Amino acid sequence: MDAKTGIASAALGVVVGVAIATLAATSLRKLRCNEKKKVKQPCASVQKPSPSTACSSFAEGKKCLLKDPTTKHEIRFVKKKALTPDTKVFRFKLPNSDEILGCPVGKYVIFTAIIDGQVRTRPYTPISQVTEKGYVEFVIKIYYPNADFPRGGIFSQYLDSLKKDDLVSINGPQGMFEYGGEGRVIAAVSGESSSTGQKMRETRYSCLGMVTGGSGITPMYQIIKAVLTNPKDTTKIVLLYTSRDDKNIILKRELDTFQERYDDRFTVHYVVNNAAKDSTLIEGPITEDLIKEKMPAAADDVAAFISGPPEMVNFVCVPGIDGAGYHQDHTYIFWYR
Ligand SMILES: Cc1cc2nc3c(=O)[nH]c(=O)nc-3n(C[C@H](O)[C@H](O)[C@H](O)COP(=O)(O)OP(=O)(O)OC[C@H]3O[C@@H](n4cnc5c(N)ncnc54)[C@H](O)[C@@H]3O)c2cc1C
């Protein structure tokens, strides 16, 4: 498969891709990931045996709900809290209080529900710590009806209508790669899912450059949290995050707190398409040039992570990261659709 078109994900046609090529550079950034001299292949890709399924790579003896990617489990809706005008944190209880979900950092689960008599499925990315017992949280954007979309989003509105103690069905984990801690990215070779026990490639990075937009922040946030809250993890992160306007920046408070607390390791650049008059943020739209300017300089120990709406991913992020010189082996795309 063409690296730039991504990789077809197994069960539900969720397309995740790995992209990019060639050389280039970057310019001024607050956080510099490449202060050390660039060394050829400092963290070269290492072929490793499959980390097998679900919990094994991070749970160490913990009891997991998700043991194989296709089995469905019911989780119970507990509560939700608004983050922005159309985004909420949803909290669900796992069947047993002594078990963890079993979804590695960077992966997602599939929700299934019967809505208006039809079986519907959608992927969502947990944002709670992977070691959290008894519950799981998701940040979900609700697509409310508007003039352009009179029905709005089917599944997100269904989730928004859940009452306390309602059950929803999930299965997983799904996804092409996971963040294994201390800079390690574990990716399936040849586009196969790691959940199938396929051959894996593990690469260690000292820096992650992330480009994302809207609810595409969820996998990035989970990785950022995993990196920064692990005292053994010294990986640096630069996040370029685009939103509709100043009020619709999902998880901004949490990201700002991370930046204050870990300013030597984490930098976030917010880009807003309709900036408020007094906005101090970068005025959008996000462009290839902005990506080249803000991303860490490409190197073998620097990875590019991309997620967001497909138009942004395809027409801005991929060309931008490509132009910044990231090699396809070091570029990981969560393809939202
Ligand atoms: C791997 C992966 C992980 C994901 N993780 C998350 C996550 O953690 N959190 C999250 O919120 N989403 C996530 N998504 C997106 C999610 O799966 C759904 O696509 C999303 O919730 C929309 O589903 P829906 O059924 O509500 O909309 P649909 O009914 O599928 O609507 C289809 C499309 O219509 C358009 N639309 C409808 N109403 C509006 C509106 N009011 N304004 C603008 N456009 C509109 C949108 O383009 C929308 O995507 C993820 C997607 C992928 C592929």
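The values are calculated or read from the model by the stated rules, or taken from the named source; none is laboratory data. Model, not experiment: these values are computed from the prediction. Cβ sites come from the backbone with ideal geometry, for glycine too, and all protein chains shown count toward neighbours.
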Those residues of region 84-105 that are closer than 25 Å to Gly213 by Cβ, of a type in the set (Val, Ile, Thr) and in a strand (DSSP E or B) come to a total of 3
Taking first residues from region 122-137 that are at positive phi and second residues anywhere that are outside any strand (DSSP E or B) and more than 8 Å from the ligand (Cβ to nearest atom), the pairs with Cβ under 6 Å that are 6 or more apart or on different chains are Gly134/Leu94; Gly134/Ser97
For the structure I just gave you, tell me whether Ile237 is over 27 Å from Phe77 (Cα atoms) and in contact with a Phe, Trp or Tyr (Cβ under 9 Å, 6 or more places away or on another chain). yes
Of (1) surrounded by fewer than 17 Cβ atoms within 10 Å (Cβ to Cβ); (2) in contact (Cβ under 8 Å) with a residue 12 or more places away in the chain, Thr257 satisfies every one except (2)
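Out of all the residues in region 302-311, is one or more assigned to a loop (DSSP other than H, G, I, E, B) and under 27 Å from Arg122 (Cβ atoms)?
yes
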Reported set for region 141-176 where residues are modelled with pLDDT of 95 or more, polar (S, T, N, Q) and in contact with a strand residue (DSSP E or B) (Cβ under 7 Å, 6 or more places away or on another chain) is Ser156, Ser169, Asn171
- [ ] Return yes or no: is Thr203 more than 21 Å from Gly102 (Cα to Cα), more than 16 Å from the ligand (Cβ to nearest atom) and β-branched (Val, Ile, Thr)?
- [x] yes
Residues of region 288-306 being aliphatic (A, V, I, L, M), away from the ligand (no atom under 16 Å from the Cβ) and under 19 Å from the mean Cα position of the chain (by Cα), in sequence order, are Ile291, Met295, Val302, Ala303, Ala304
Checked region 307-332 for anything of a type in the set (S, T, N, Q), crowded, with 24+ Cβ neighbours inside 10 Å and either free of Cβ contacts under 8 Å to residues at least 60 places away in the same chain or within 16 Å of the ligand (Cβ to nearest atom) (or both); matches are Ser307
If we keep only residues of region 106-158 that are part of a strand (DSSP E or B), more than 16 Å from the chain's Cα centre (by Cα) and within 11 Å of the ligand (Cβ to nearest atom), then the residue surrounded by the most Cβ atoms within 10 Å (Cβ to Cβ) is Phe111
Screening Gly172, Gly181 for residues that are more than 9 Å from the ligand (Cβ to nearest atom), in contact with a helix residue (DSSP H, G or I) (Cβ under 9 Å, 6 or more places away or on another chain) and closer than 20 Å to Leu208 by Cα leaves only Gly181
Only one of Ile223, Ile249 is out of contact with any Gly (no Cβ under 7 Å at 6 or more places or on another chain), within 16 Å of the ligand (Cβ to nearest atom) and at pLDDT 95 or above, namely Ile249
